[in-house]
Structures are given as C-alpha cells and as structure tokens.
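Colleague: Below: one structure in structure tokens.
Coordinate-derived values only; no laboratory data. Because the structure is a prediction, the values reported are computed rather than measured. With ideal geometry, Cβ positions are generated from the backbone for all residues, glycine too; neighbour counts draw on all protein chains shown.
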Amino acid sequence: MAKPPPYDHRPTIPDPARDPELTVINAALTHAQDALKAAHRAIQALRMSDEAVAALEHLEQCQKLLRR
C-alpha cells in the first residue's frame, strides 16, 4: 500500500500581504541587498583567487534572486 503524500497546509492562492507585512518584507529585502553589496565590496578588496571569483559569482546569483 502506497504511503499518502504529506498534507500541504499552504493555501493554493496566497492572500495579499497587508501594509505592515509589506513594510517588513521590503525592509528585510533591503537589508539583504545591502549585506550582499557589503560582502561584494569586501571580497573585491581581496587578492583575486579562484575562491574569490566563485564567491562573487554566488553573490551575483543571490542579488538576481532578490531583485524585483
């Protein structure tokens, strides 16, 4: 007998965020973007190495995900 899939309690259609929630979401995104920029500057200040280049590429991927 096959095991039933786990219950997914998330709504199929998400509710729109309220203004206070949007404020928190936007602030969190802004803080994350600022942190990524600071990390980018810190890595660029180092001597370039394979690890530094890989880290910069990962940071760029993260920045793309956060852009709206």
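Colleague: What order do you get for 15-21, 57-63 when each peptide is scored by the mean count of other beta carbon atoms within 10 Å, highest first?
Modeller: 57-63, 15-21
Colleague: OK, next. So how much slack lies between LEU29 and ALA52, counting 0.36 nm per residue of separation and subtracting their Cα-Cα distance, in nm?
Modeller: The LEU29-ALA52 span can extend by a further 5.9 nm.
Colleague: Quick one: helix 19-44 against the long Cα principal axis of the chain, what's the angle to the nearest 10°, folded into 0 to 90?
Modeller: The helix 19-44 is inclined about 30 degrees to the chain.
Colleague: Under a plain spin-label model, where a point goes 7 Å from the Cα along Cα-to-Cβ, how far apart in nm are THR12 and GLN63?
Modeller: 4.0 nm
Colleague: Report the charge-dipole magnitude of the chain in Debye, nearest 20, computed about the Cα centre from +1 at each Lys and Arg Cβ and -1 at each Asp and Glu Cβ.
Modeller: Approximately 40 debye in magnitude.
Colleague: Moving on to the next point. Specify the residue with the greatest mean-square fluctuation among ILE43, ILE25, ILE13, computed from a Gaussian network of the chain linking alpha-carbon atoms under 10 Å apart.
Modeller: Of ILE43, ILE25, ILE13, the Gaussian network model singles out ILE13 as fluctuating most.
Colleague: Follow-up question, since we're still on this one. Tell me the label only: which of [x] 35, 22, 8; [y] 32, 14, 10; [z] 20, 15, 9 is semi-axes √(5λ) of the Cα gyration tensor in Å as calculated from this structure?
Modeller: [x]
Colleague: May I pose another question? Report, in degrees rounded to the nearest 10, the 0 to 90 angle that the Cα long axis of helix 50-66 makes with the longest principal axis of the chain.
Modeller: 40 degrees
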